[in-house]
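Quick notes on the structure that follows.
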Amino acid sequence: MYKFKEIESSQQKKWEEKKIFNTDSYSNKKRYYVLEMLPYPSGALHMGHVRNYSIGDVVARYKRMQGFEVMHPIGWDSFGLPAENAAIKRGINPKDWTDENISQMKLQLKKLGFSYDWSREIKTSSPSYYKWNQWLFCKMIEKGLAYREKAFVNWSESMQTVLANEQVEAAFCSGKGDDIVQKELTQWFFKITDYAEELLSGLDEIDWPENVKIMQKNWIGRSEGVELELDIPGFDSIKAFTTRLDTAYGITFVSISKSHWFIQHLGDEVKNFVKQTVEDKDGGRGIFTGHYAVNPFNGERVPIYVADYVLDYGTKAVIGVPAHDIRDWEFAQKHGIKVREVIVSEELPNAEKGILTNSDEFDGMTSDKAIEAMLSKMSHLGLASKKVNYRLKDWLISRQRYWGTPIPIKYENGIELDRELPVELPEDVEFSGSGNPIKTSKSFGDSRETDTMDTFVDSSWYYLRYLDSNNEREIFDGEIEKHWPQIDLYIGGVEHAVMHLLYARFIHRVMSDLGLTTKKEPFKRLLTQGMVLSNSYYNKRDNKYYFPKDLPENLDDFDVKMEKMSKSKNNGVAPEEMADKYGVDAVRIFILFAAPPERDLEWNEKGIAGAARFLNRVHQLVEEFEVKEVEEDSELLRKLHYTIDKVTNVMETNLHFNVAIAALMELLNTMYEKRDFLNLDALMDFLKLLSPFAPHISDHLLQKLGGQFFIKESWPEVDNRYLKREVLSVPIQVNGKHRGVIEVNDNMEKEQVLTLAKEAVSKYINGNIKKEIYVTGKIINFVV
RNA sequence: GCCGUGGUGGCGGAAUGGUAGACGCGUCGGACUCAAAAUCCGAUGAAGGCAACUUCGUGUGGGUUCGAGUCCCACCCUCGGUACCA
């Protein structure tokens, strides 16, 4: 095996010495900005990171070879819950814990040889970064895009803190869910709903995977419908949204959400129901309020329920038509609510549009006609209006936690912005596990906001800070932003498809409206990568996950599953261990080869050995190579140019590096067979193609052949002359079944080809051909 | 529940509607070696057959088409997200 350790560390040293990955912010070359989602410093780099950064690194190196000035930065998303938990559990300061993790992970990253411009590194937990979060917050207040409002949260009485839904679930699982209530707190929000329409239409301008666009579309959830007013005798009327006004005669109940204004008028039973937190949100849970609303169409009194399934958006109230809505049907079944058919149906429930019945003068109309007619009648009475509704809620950014950006607000004389930025996190705090630690600080002051910001705020604009990360006067220099207005390619896990990516798009638009950015959309192209999985071994006898090295011969007692690598399942594979054993380049090659980037990847140590073998063969070939006059070999040249074409295509289109690497392996095999005909140019072209994937060995071999660094070389070009084939083999089918192959000249006439084909498969034809299909050069099919 | 993903040999995967299984792993056989490792060469979807070859085969059931892994409909399973994990 080639000496990968020596080669890798010496190449990395050379790269660092020459600072060849640093980016000129003001470069006048063509520019390309490739970015991987910034990591949370959990303490150790995992294979998911390696995969993410390898994908980005390949693109960065390829683009450099194409003559682009490439921006490829890295930093740390270093605020967040785990640091605070470590503080509570082990008495470590969150800052120390975080910084220690960062320095460890940085070391690991450097050993993996990614082509980052480290001079741009950022850390979101440093005041020089979060200062600008606070500055943005102030701007948003000025713009009317941040406001304070009451909202329900999961509140743990014993811990005196807010819990995430995930934590609530965990608490219920371990039988500790009893003290969790729904509590109303006054909190800060960002008005993302003001941008709902833009965020929706903006999706059309970006080159993102269709499924991610659809998820965002559905999350925003635009629906056109009607807001209908129903009277509650003795109270204000209630407004309910519906997209199916045609079913209004079928209303047999009304449901409101748990934060609806009407609840304040209700008794303790309902209020207690609202406070309860239960595990199962989807069981059609609801309670009758004791009040009725009047259906303006027929004057009928229908019961009002508070129901879990009504989301806190829009009017927070929906009409219940069990006959024609499946969820309403289930709710009605559970609560014994009556059902009335108003769309002619064979069977109930029936959610399809159709012809109306039981609907007075609207009987016999189609749904669409009826919606118009019914809306017109009600709007004359002032009881209904057309309305566009969104599922998207405003973004609650307040967190009752320590390790985040302090919200820069003082409450001395009402609500006041604190303009002396940064408002730094106090260090004289206690981590007792109960309440917000900031409240224990003496230095922080009594009149300040003690909530911190959601960490999604940090990660919503960090890519802009990279442009000018050491700027102390401004969030970034506008001139540099004009040079690098968008991320050309953004790479990260599909788990961020909605929240992070939607928040970032929102903040970017806000910044654009503030005149800070020149484009509306931050990420021109998105690649969502799959997870890295490996086998986990769960022992059914002692209920523990075993490390693979601790397994017995006999696995009868074990549940073996392929799942996401994680600490708790003892199935993680440490990148540095693999790099030590097989080399960094082999790790990269394997992780890129084992699956296309967007798919989940199954870890397999045998596979990485295969990658190392491949690189060893490359090394061997170059070691044995001598520069001398050789004859041209058309097959070798065709293979070479076919591979250049293939790899370039992958780079320019879908980034399916697994296919590109397979092509490189095929080329290597051909070059081995034909090594007597191999010249320096061909060998060099092969190494160029390989270099983005396996940069250490490639640069090492280049230096042996008299060059320097591949990112300073130019990407090879296809010569179409070599790709042409004179003889094509065309498969023949009879009735769609493969029956043979013939070789034809590329200039042969159709008739001649068919005659030859008939001869070749005569025994399957028996004379009577009904139809002949010939797709030139591709396929022949006879129907008999 | 809702929104989205995926399902192809023993395994990871490849395949603009046109020869299913490229490439790699594993396995088997051979070469080299005193031997082993490494390396190199060859075979490898399943069933039947001495063989030529035949039949079957891309989660399940239907459909469109000369032709479907690929398009359409229904279903099953899997994974991600679900607004305070990041």
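Please treat every number below as a calculation from the coordinates, not as lab data. Since we're looking at a predicted model, the values are computed, not measured. FYI the Cβ positions are ideal-geometry reconstructions off the backbone, even for glycines, and counts take in every protein chain you see.
Details
- Cβ-derived FRET efficiency at R0 51 Å, A:Val181 paired with A:Glu372, nearest 0.05: 0.65
- Magnitude of the charge dipole, chain A, Cβ model with Lys/Arg +1 and Asp/Glu -1, debye to 20: 660
- Listed by chain and number, the lysines whose C-alpha is less than 18 Å from the C-alpha of A:Lys150, apart from same-chain residues fewer than 8 away, are A:Lys183, A:Lys191, A:Lys258, A:Lys271, A:Lys275, A:Lys316, A:Lys393.
- Residues A:His656, A:His72, arranged from fewest to most other Cβ atoms within 10 angstrom of their Cβ, appear as A:His656, A:His72.
- Cβ-based charge dipole, the stretch A:84-157, positive-most Cα from A:Tyr147, A:Ala87, A:Ser128: A:Ser128
- Between A:Glu424 and A:Glu346, the modelled labels are 7.4 nm apart [label points 7 Å from Cα along Cα→Cβ].
- Going by neighbour counts of Cβ atoms within 10 Å, the residues A:Met578, A:Met562, A:Met71 line up, fewest first, as A:Met562, A:Met578, A:Met71.
- Neighbour cut-off at most 10 other Cβ (10 Å), DSSP loop, GluC sites (Glu not before Pro), the stretch A:521-596: A:Glu553
- Taking GluC sites (Glu not before Pro) across the stretch A:323-359, the ones in a DSSP loop with at most 16 further Cβ atoms lying within 10 angstrom of their Cβ are A:Glu346, A:Glu347, A:Glu352.
- Cα-Cα pairs of the stretch A:532-642 separated by more than 25 Å (percent): 43
- MRE, 222 nm, helices only [DSSP H, n ≥ 4, -39500 (n - 2.57), over chain A, to nearest 500]: -10500 deg cm²/dmol
- Calculated P(r) tail over 47 Å for chain A, as whole % of Cα pairs: 39
- The C-alpha atoms of chain A define a longest principal axis, and helix A:367-380 lies at about 40 degrees to it.
- In degrees, nearest ten, helix A:81-90 long axis to first principal axis of chain A (Cα): 80
- Share, in percent, of DSSP beta bridges within chain A that are antiparallel, nearest 5: 75
- In plain terms, the residue of A:Tyr33, A:Tyr40 with the fewest other Cβ atoms within 10 Å comes first and the most crowded comes last, giving A:Tyr40, A:Tyr33.
- Of all aspartates and glutamates in the structure, those lying under 14 Å Cα to Cα from A:Lys628, and not within fewer than 8 positions of it along the same chain, are A:Asp676, A:Asp681.
- The angle separating the long axis of helix A:499-513 from the principal Cα axis of greatest extent in chain A is about 80 degrees.
- For chain A, the relative contact order comes to 13 percent (Cα pairs under 8 Å, sequence separation of at least 6).
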